[in-house]
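> Once you've had a glance at the structure underneath, I'll fire off some questions.
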Amino acid sequence: MGQAITVIDGGVGSLKAEIDIGPHHLIADDTKDASGQVIGPEPHNFLLAGLGACTAITIRLYADRKKFPLERVTVHLSRRKIKAADCPDCRTTEGEVEEMTREIELTGPLDEATRTRLLEIAERCPVHRTLTGEIKIRTSLVPAQPATVTA
């Protein structure tokens, strides 16, 4: 199993979530439209950031191993909901589909064959494979703890 991540909400009336990943402390929030304070990225943006980071790292590892003259990888990401009927290559046929767009910018003196190969490698990024593969999320409740009383 991977490293444990703990998320604690900001309490009544707050959409803030405090995230601990090992020694790293992050804050997520929702948009002002959803009564958030916008003090951190909204949760979907963490998902996109993970995909972008994994993509950049995967391409960099491969390019360095092959000694390609890749100077910089920049990954631009966005997401939107689209009608399933407007998505001819989607399995879902009704309702809406979450569409993520990933544009990869490769800087350096790379020929077209190398650029194409690096795009193929991006498709092998572990987070990309997770998102496009079967995902099973198992959820359970932790037994209730007695309320703490302060004197």
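> What angle do you read, to the nearest 10 degrees and between 0 and 90, between the alpha-carbon axis of helix 112-122 and the longest principal axis of the chain?
Helix 112-122 sits at roughly 20 degrees to that axis.
> Would you please give the FRET efficiency between residue 45 and residue 65, computed as 1/(1 + (r/R0)^6) with r the Cβ-Cβ distance and R0 = 30 Å, to the nearest 0.05?
With R0 = 30 Å, the Cβ-Cβ based efficiency is 0.50.
> Continuing with this model, one more query. Are there any GluC sites (Glu not before Pro) in the range 1-106 that are in a DSSP loop and have at most 11 other Cβ atoms within 10 Å? List them by number.
Passing both the DSSP loop test and the Cβ count: 71, 94.
> If you don't mind, another one. Sort 14, 78, 140 by Cβ crowding within 10 Å, fewest neighbours at the top.
Ascending Cβ contact count within 10 Å gives the list 140, 78, 14.
> Separate question: At residue 129 and residue 12, where each label point lies 7 Å from the Cα along Cα→Cβ, what is the point-to-point distance in nanometres?
Between residue 129 and residue 12, the simple spin-label model gives 4.7 nm.
> With Rg and the Kirkwood Rh both taken from Cα atoms, where does Rg over Rh land for the chain?
1.06
> For the chain, can you list the cysteines whose C-beta has no other cysteine C-beta under 4.7 Å from it?
Lone cysteines by the Cβ rule: none at all.
> Could you calculate the contour length gain from residue 115 to residue 84, that is, 0.36 nm times the residue separation minus the distance between their Cα atoms, to one decimal place in nm?
8.0 nm
> Scanning the chain for trypsin sites (Lys or Arg not before Pro) in DSSP loops with at most 11 other Cβ atoms within 10 Å, what's the longest stretch left with none?
So the longest stretch without any such site is 1-66.
> Amide H neighbours of residue 96 under 5 Å, counting only residues 5+ apart in sequence or on other chains, H built in-plane at 1.01 Å?
84
> Expressed as an acute angle from 0 to 90° and rounded to the nearest 10, what is the orientation of the C-alpha long axis of helix 43-66 relative to the principal long axis of the chain?
30 degrees
> Given H placed 1.01 Å from N in the peptide plane, which residues other than close sequence neighbours of residue 16 have an amide H under 5 Å from its amide H?
10
Rule-based calculations on the coordinates, nothing more; no lab input. Just so it is clear, the model here is predicted, and its values are computed rather than measured. Heads up, the Cβs are rebuilt from the backbone with ideal geometry, glycines too, and the neighbour counts pull from every protein chain shown.
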